[in-house]
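Inspection log for the structure reproduced underneath, given as structure tokens.
The values are calculated or read from the model by the stated rules, or taken from the named source; none is laboratory data. Just so it is clear, the model here is predicted, and its values are computed rather than measured. Positions of Cβ are backbone-derived with ideal geometry, glycine not excepted, and every protein chain shown enters the neighbour counts.
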Amino acid sequence: MHIQVSGQHISMGSSIQEYVIEKISAVVKKYSIEAQSGHVHFSKHGREFACDIVVYVPCQLLRYSSCSCSCSCSCSEATTTTTTTTTTGTRMNHQEDT
């Protein structure tokens, strides 16, 4: 699975890219998702970092979002809540047990 990591006015170093790929791969493996690709986008809002994750799965679009004090924390928080959009437009929210 190809995962693209980008940032809006934020430099994305290799360590955060590796961390993001590791976290996304763990979620995909945990739920046996057959993902085709994914995109992770970081942006900064004041003192917080926002992380928006989209994973493309056949007939579905998985979205993760979070804001936190650092890129790695926002990525960790984003991967615990999932919003699934199917091709019919149905939205389902999932909360991972912590």
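Structure values in brief
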| item | result |
| --- | --- |
| Every residue from the range 7-20 that is surrounded by fewer than 17 Cβ atoms within 10 Å (Cβ to Cβ) and in contact (Cβ under 8 Å) with a residue 12 or more places away in the chain | Gln8, His9, Ile10, Met12, Gln17, Tyr19 |
| Top-ranked residue of the range 22-59 - restricted to ones that are small (Gly, Ala, Ser) and out of contact with any helix residue (DSSP H, G or I) (no Cβ under 9 Å at 6 or more places or on another chain), ranked as modelled with the lowest pLDDT | Ser32 |
| Residue satisfying all of: in the range 21-32; at negative phi and of a type outside the set (A, V, I, L, M); surrounded by the most Cβ atoms within 10 Å (Cβ to Cβ) among these | Lys23 |
| Qualifying residue in the range 73-87 (condition: surrounded by fewer than 16 Cβ atoms within 10 Å (Cβ to Cβ), assigned to a loop (DSSP other than H, G, I, E, B) and either modelled with pLDDT of 70 or more or over 14 Å from the mean Cα position of the chain (by Cα) (or both)) | yes |
